[in-house]
Each structure stands twice: as C-alpha cells, then as structure tokens.
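Report on the structure given below.
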Amino acid sequence: MTDPKDISETEWREKLTPEQYHVLREAGTERAFTGEYDKHFDEGEYTCAGCGTVLFESDAKYNSGCGWPAFTKPTDGDGVDEHRDTSHGMIRTEVTCSKCAGHLGHVFPDGPPEAGGLRYCINSASLDFKPKD
Ligand code: FE
C-alpha cells in the first residue's frame, strides 16, 4: 500500500468527499451540531476517513454539548499527533492523523476531570465508524 503521506492532493480530492477533503486536507471545521457522529454513541472504533487508521474508541466518547464528537483520549498506540496551532488568533493544540497527516480537530483542557480533563474535539467528517462485532 502507498504511504498515505505520499498521496497527492489530486488523489485526495478523488478519494474524499468535498467535506472530508475540506476538513482533512485543508484543516477545515464542519458546522457545529451537523456532523454524523456528534450524537452517536454506539460501541466500536472510530477510524480516519482518509486512511483507515484506528483513532478513537467509543469508550472514550462523551457528550460534551459542544456540537462535535468529543473524546477524553485517543486509542492506545500512536494514531494521532498533536501540534501547536496559532491560526485564527488563538493558541490551540491541533490533532492530526499520524499516518496520513489529515486534520482531525483540536484538544482542549476542559474535558471531564475524572477522565483526565481533556476534550478531543473532532470533526465527524474526518472519521469513519466500525461497529463492534
Ligand atoms: Fe489518516
């Protein structure tokens, strides 16, 4: 399989829907409360819509009320990378897929204290869901 980091932007445009492309490849943000997985609480795994890497487990998902899927932590392993992001006049921590470098969302320090205090605020458009067998 091709290393996802070698996929050209033309190929990404063919592979992804326009909304997935905007979020994953242009660091876009879907409108709040519109995403497929915002109010989705089935058991299973959330994978990268770009390359299929497992990113989050349903056990870590919670209803933050913010309008996007929220998780207290990524899955064990190295599915996501975190980077300082100073765009839009804010200092935030961007979360990207470690395999294809696709933009997923941001992590904020206002998650549930009993679960570590982090809120991974992730665009539905960057995710696919695999139900537990
Ligand atoms: Fe990916």
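Data overview
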quantity: Residues (among the acidic types (Asp, Glu) and within 14 Å of the ligand (Cβ to nearest atom)) located in region 65-93; calculated: ASP78, ASP81
quantity: Top-ranked residue of region 77-133 - restricted to ones that are under 13 Å from the mean Cα position of the chain (by Cα) and of a type in the set (Lys, Arg), ranked as farthest from ARG25 (Cα to Cα); calculated: ARG119
quantity: Residue in region 76-133 that is most open to solvent (accessible area, probe 1.4 Å), counting only those that are polar (S, T, N, Q) and farther than 20 Å from PHE41 by Cβ; calculated: THR86
quantity: Matching residues, region 23-52, being under 11 Å from the mean Cα position of the chain (by Cα), within 15 Å of the ligand (Cβ to nearest atom) and not aromatic (Phe, Trp, Tyr); calculated: VAL23, LEU24, ALA27, THR47, CYS48, ALA49, GLY50
quantity: Flag if ALA60 is modelled with pLDDT of 95 or more and open to solvent by less than 30 Å² (accessible area, probe 1.4 Å); calculated: yes
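The values are calculated or read from the model by the stated rules, or taken from the named source; none is laboratory data. Small disclaimer: the values here were computed from a predicted structure and weren't measured. As a convention, Cβ positions derive from the backbone with ideal geometry for all residues, glycine included, and neighbour counts pool all protein chains shown. All accessible areas refer to the heavy atoms of the entire protein, side chains included, with ligands and DNA or RNA removed. Shrake-Rupley method; radii C 1.70, N 1.55, O 1.52, S 1.80 Å.
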